[in-house]
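The values are calculated or read from the model by the stated rules, or taken from the named source; none is laboratory data. The model shown is predicted, which means the values in this text are computed figures rather than measured ones. With ideal geometry, Cβ positions are generated from the backbone for all residues, glycine too; neighbour counts draw on all protein chains shown. In case anyone asks, the SASA skips ligands and DNA or RNA and just uses the protein heavy atoms, side chains included. Shrake-Rupley method; radii C 1.70, N 1.55, O 1.52, S 1.80 Å.
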Amino acid sequence: MMQIYALCCGFLEFDRHTFFPDQAPGTRMTIPVSSYLLIHPKGRVLFDTGVHRQAITDPIGRLGERRATRLTVRSQVGDDVVCQLARLGMRPTEITHVINSHFHFDHCGGNEFFPQATFLVQSREMERARGPDNPYEPRDFDHPLHYQLVDGDYDVFGDGQLVLIPTYGHTPGHQSLWVRDGQATQLVLTGDACYTQEHLDRDVLPQSVWNADAMSHSLTTLRNLRDTHGTTLFYGHDSGQWQAIRHAPESLR
Ligand SMILES: [Zn+2]
């Protein structure tokens, strides 16, 4: 069975209304930021790289004044992808592949620390990130890294165990990771295609949406995987689920 680790990349606090626009502003909520490490016989794969560690000590310097007033970084020193790998006795150079679900700052902030890895990103996402008026921060992703662009479904090692699935909508080229390493074991790392179980159960979209129809479609796909195929979903920012699962250095399962 593939070893999987959930890496704590800190916590962010902001108004609950941004997550659930159908609820009135004024209540704060704190959400986890995560990265996952998957150890496959052919490579060590990271799914997302969290927020850059500079944001822990210098949030305004890293995130900018506008974003830093909208949200509060609630992370401790050590809540970043490189420190979390170190807890497993692993160096960044040992990571062979990085998958970015998308290019928001809390999913690719640690990209620069993996210059040896192959980065798997949907070409639609890169196109948006390189295009005009995009909401992305070049400091997070725009480094001399080995980006391999993919379109839609992509089987990372060609054996069906790790498959990228397009879950567009939150951003133009958002992707999730489908993991299947046994007859009965199927799980999906949703990224921000679904922030929390509540979004899935109540069929709510968050404030941050590129295309609502596409995101609803992705949410339906994930719901079908869970309800029809018994797939376990690991949500992008679900604090309840995060508290219930095991984190590195313990393995997820
Ligand atoms: Zn996010």
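I need every pair where a residue in the range 95-107 that is under 18 Å from GLY10 (Cα atoms) has its Cβ under 7 Å from the Cβ of a residue that is open to solvent by less than 10 Å² (accessible area, probe 1.4 Å) and away from the ligand (no atom under 16 Å from the Cβ), sequence separation at least 6 or different chains.
Sorted first by the residue in the range 95-107, then by its partner, the pairs are ASN100/PHE119.
Is it the case that some residue within the range 50-67 is basic (Lys, Arg) and at pLDDT below 95?
yes
How many residues are surrounded by 12 or more Cβ atoms within 10 Å (Cβ to Cβ) and either within 13 Å of GLY169 (Cβ to Cβ) or not charged (D, E, K, R) (or both) if we restrict to the range 203-239?
Matching residues across the range 203-239 total 25.
Return yes or no: is LEU149 touching a helix residue (DSSP H, G or I) at 6+ places or on another chain (Cβ under 7 Å), under 25 Å from LYS42 (Cβ atoms), open to solvent by 50 Å² or more (accessible area, probe 1.4 Å) and in contact (Cβ under 8 Å) with a residue 12 or more places away in the chain?
yes
Only residues in the range 117-138 that are free of Cβ contacts under 8 Å to residues at least 40 places away in the same chain and more than 10 Å from VAL150 (Cα to Cα) count as the first member; pair them with residues that are among the basic types (Lys, Arg) and open to solvent by 50 Å² or more (accessible area, probe 1.4 Å), Cβ under 9 angstrom, at least 6 apart or cross-chain, and list the lot.
If the second residue must be among the basic types (Lys, Arg) and open to solvent by 50 Å² or more (accessible area, probe 1.4 Å), the pairs left are ASN134/ARG128; PRO135/ARG128; TYR136/ARG128.
So, in the range 88-110, of the ones that are of a type in the set (S, T, N, Q) and open to solvent by less than 10 Å² (accessible area, probe 1.4 Å), which residue ends up farthest from THR171 (Cα to Cα)?
Applying the filter and picking the extreme gives ASN100.
Can you tell which of THR171, THR232, THR220 is within 21 Å of PHE19 (Cβ to Cβ), in contact with a helix residue (DSSP H, G or I) (Cβ under 8 Å, 6 or more places away or on another chain) and not aliphatic (A, V, I, L, M)?
THR171
Can you pull out the residues in the range 17-55 that are open to solvent by less than 40 Å² (accessible area, probe 1.4 Å) and over 18 Å from the mean Cα position of the chain (by Cα)?
Passing the criteria: PHE20, MET29, HIS40, GLY43.
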